[in-house]
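K.L.:
A single structure is presented below for examination.
The values are calculated or read from the model by the stated rules, or taken from the named source; none is laboratory data. These figures come from a predicted structure and were not determined experimentally. All Cβ positions, even for glycine, are placed from backbone atoms using ideal geometry, and neighbour counts span all protein chains on display. Just the protein is used for accessible areas: all its heavy atoms, side chains included, with ligands, DNA and RNA removed. Shrake-Rupley method; radii C 1.70, N 1.55, O 1.52, S 1.80 Å.
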Amino acid sequence: MKPFIFQICLGLGFLAAIASSICFFLGIPGTALALMLSFICLALGFQGFPILKGFSYTLFIFAASTYALNYPENLISFHGFPLKKLVTPLLVLTMFGMGIHMNLTRFVEIVKAPKPILAGIFCHYLIMPGIGFALAMTTDLPPEIAAGIILVGCSPSGVASNVMAYISGGNLALSVTVTAISTLLAPLVTPLLMKLLANQLVPINFWDMFWHILEIVIFPVLAGLVYNKYAYGKQKWLDDLLPILSMASIIFIVALTVSAGHDTLLSIGWLLILIVIIHNLSGYFLDIRLASGWESMNKIRGRSPLRLACKMQA
């Protein structure tokens, strides 16, 4: 696309946002459609600016969520087929797409420089579940929603964390390695943490969750690793298509999830958004403080695990 096309998309996006605001305050129909158009146009326009490009995907998710909140009935079934049955195969596709960008050599890195990787995994499975549990216990949310907040904290990090590390100039090799290993640990650690922290809110069947995570996370990632080793690069069109399909799958899953929780989101949506923001910001703050303290302590001792991790990029 030519540069002026991106500028036109940005202009249309801002105009659609203004139109959405006018429709909302005047009570005119069309607020949701204008807001969706704004998100889509801004997402396309951001593609032409390197500093904004990383936000395009988020805006597409906002567009899908807006559609799901306003037209949830359209995401229930298609010609009699329940669309919620697509969630599992779409998750499998997403995890397979993540797996094709991994390779077995990354797991050798844990032997060469294990401290920063083990610290990242330990903090991930300690800090985020702990914060999620504290928020769930201190807010007056329905049990299933509170358990969901804990589950978010107990889940492994994903592709989005790697993208954020790349955008922020962090240690990408370390981020990818921690993501890969925390994902492989998820079938055991996630059900165990949920059993310990959330069983009082909703019944947790450890083995059911264990096998379900194996099916939708581990097996697809392992299949992706095999593809990466033996087939990656041989069909360039397929290599380029799979990440796009993975991102589209996540957008559709978000839309289906928002549609299914339409009534709950409308009743406690703002509180839930606030809790999610607090959850993430608290995790960022504590992780950064711990990382800074650990780095300073090891510099005093004459060795820096984070500096060792940087060598993995060489």
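K.L.:
Every residue in the stretch 237-248 that is under 14 Å from Tyr57 (Cα atoms) and modelled with pLDDT under 85, please.
P.N.:
Hits for the stretch 237-248 are Pro243, Ile244, Leu245, Ser246, Met247.
K.L.:
I need every pair where a residue in the stretch 35-60 that is over 19 Å from Phe252 (Cβ atoms) and of a type in the set (Phe, Trp, Tyr) has its Cβ under 8 Å from the Cβ of a residue that is modelled with pLDDT under 95 and not in a helix (DSSP H, G or I), sequence separation at least 6 or different chains.
P.N.:
Hits for this filter: Phe46/Phe55.
Rundown of residues vs (1) open to solvent by less than 40 Å² (accessible area, probe 1.4 Å); (2) of a type in the set (Val, Ile, Thr), yes/no style:
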{"position": "Ala43", "(1), (2)": "yes, no"}
{"position": "Thr66", "(1), (2)": "yes, yes"}
{"position": "Leu69", "(1), (2)": "no, no"}
{"position": "Ile76", "(1), (2)": "no, yes"}
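K.L.:
Open to solvent by 50 Å² or more (accessible area, probe 1.4 Å) and either at pLDDT 80 or above or among the hydrophobic types (A, V, I, L, M, F, W, C) (or both), is that true of Ile273?
P.N.:
Here the answer is yes, as Ile273 does meet what is asked.
Let's see how each residue does on (1) open to solvent by 30 Å² or more (accessible area, probe 1.4 Å); (2) of a type in the set (Asp, Glu); (3) touching a Phe, Trp or Tyr at 6+ places or on another chain (Cβ under 9 Å); (4) at pLDDT 80 or above:
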residue	(1), (2), (3), (4)
Asn171	yes, no, no, no
Thr179	no, no, no, no
Leu197	yes, no, yes, yes
Trp211	yes, no, no, yes
Val217	no, no, no, no
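K.L.:
While we're on this one: All but one of (1) more than 17 Å from Leu135 (Cβ to Cβ); (2) surrounded by fewer than 17 Cβ atoms within 10 Å (Cβ to Cβ); (3) at pLDDT 70 or above hold for Ala260; which doesn't?
P.N.:
Condition not satisfied by Ala260: (2).
K.L.:
I need the full set of residues from the stretch 45-61 which are open to solvent by 70 Å² or more (accessible area, probe 1.4 Å) and either hydrophobic (A, V, I, L, M, F, W, C) or in contact with a strand residue (DSSP E or B) (Cβ under 8 Å, 6 or more places away or on another chain) (or both), in order please.
P.N.:
Ile51, Phe55 - these are the residues of the stretch 45-61 that are open to solvent by 70 Å² or more (accessible area, probe 1.4 Å) and either hydrophobic (A, V, I, L, M, F, W, C) or in contact with a strand residue (DSSP E or B) (Cβ under 8 Å, 6 or more places away or on another chain) (or both).
K.L.:
Let me ask something additional. Suppose we filter the stretch 223-243 for residues that are without any contact (Cβ under 8 Å) to a residue 12 or more places away in the chain, open to solvent by 70 Å² or more (accessible area, probe 1.4 Å) and farther than 21 Å from Leu91 by Cα; how many remain?
P.N.:
5
K.L.:
Do you know which of the residues in the stretch 117-166 that are buried (at least 17 other Cβ atoms within 10 Å of the Cβ) and at pLDDT below 75 is nearest to Gly97 (Cα to Cα)?
P.N.:
The extreme case among them is Val159.
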